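Sharing a structure, written as structure tokens. Questions coming.
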Amino acid sequence: SKMAQDMTEKELLKMELDQLKKEVKNERQMVSKTGKEIMEYVESMAAEDPLLKGVPEDKNPFKEKGGCTIS
């Protein structure tokens, strides 16, 4: 597809209109309802959250495999 800077104003407006047509179909909900649901979900999953409880060393794919020594 073309880069945005290579498109005419008409093409850009058509692209924006197509996006808005997609977005208008999204079901809307009040933040007061969804915010509470998100908070409840996050709190219910906190016990399994590796960012909160950490990752055991034996299961951590990013741990140092070994070191090097300079002598």
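The values are calculated or read from the model by the stated rules, or taken from the named source; none is laboratory data. The structure presented is a predicted model; accordingly, all values stated were derived computationally and were not measured. Neighbour counts run over all protein chains shown; Cβ positions are idealised from the backbone, glycine included. With ligands, DNA and RNA removed, areas are computed over all heavy atoms of the protein, side chains included. Shrake-Rupley method; radii C 1.70, N 1.55, O 1.52, S 1.80 Å.
Go through the stretch 1-33 and name the trypsin sites (Lys or Arg not before Pro) that are in a DSSP coil and have 10 or fewer other Cβ atoms within 10 Å of their Cβ.
On the way: sites: K2, K10, K14, K21, K22, K25, R28, K33; in loops: K2, K25, R28.
Here the sparse-neighbourhood loop sites are K2, K25, R28.
Using only helices, what value at 222 nm comes out for the chain when you add -39,500 (n - 2.57) per DSSP H run of length 4 or more and divide by the total residues, to the nearest 500 deg cm²/dmol?
Numbers: 3 runs with 34 residues, N = 71.
One gets -14500 deg cm²/dmol as the mean residue ellipticity at 222 nm.
Work out the length of the dipole vector of the chain about its Cα centre, built from +1 on the beta-carbon of each Lys and Arg and -1 on the beta-carbon of each Asp and Glu, and round it to the nearest 20 debye. Don't skip to the answer; put the middle values down first.
Working: 13 positive and 15 negative charges, 42 e Å.
For this selection, approximately 200 debye.
Which GluC sites (Glu not before Pro) in the stretch 24-56 sit in a loop by DSSP (not H, G, I, E or B) and have at most 11 other Cβ atoms within 10 Å of their own Cβ? The partial results should precede the final answer.
Details: sites: E27, E37, E40, E43, E48; in loops: E27.
Taking the stretch 24-56 and a limit of 11 other Cβ atoms within 10 Å, the loop GluC sites (Glu not before Pro) found are E27.
Continuing with this model, one more query. In nm, to one decimal, how far is the modelled label at D58 from the one at S71, with both set 7 Å along Cα→Cβ?
Label at D58, label at S71, 3.1 nm between them.
With every protein chain kept in place and ligands, DNA and RNA left out, what is the accessible area per residue of the stretch 4-59? Probe 1.4 Å, answer in Å². Walk me through the numbers on the way to the answer.
Numbers: 5550 Å² over 56 residues.
Spelled out: the 1.4 Å probe surface of the stretch 4-59, per residue, equals 99 Å².
What is the angle, in °, between the Cα long axis of helix 9-23 and the longest principal axis of the Cα atoms in the chain? Nearest 10 is fine, range 0 to 90.
Result, in degrees: 70.
Could I ask something else about it? In degrees, nearest 10, range 0 to 90: what is the angle between the Cα axis of helix 31-45 and the longest Cα principal axis of the chain?
20 degrees
Rounded to two decimals, what is the ratio between the C-alpha radius of gyration of the chain and 2.2 N^0.38 Å? Kindly include the intermediate steps, with their values, before the conclusion.
On the way: Rg = 24.0 Å, N = 71, 2.2 N^0.38 = 11.1 Å.
That ratio works out to 2.16.
Quote to one decimal, in nm, the extra length available between E43 and K25 on full extension: 0.36 nm per residue of separation minus the C-alpha distance between them.
Working: separation 18, 0.36 × 18 = 6.48 nm, distance 3.03 nm.
Result: 3.4 nm gained on full extension.
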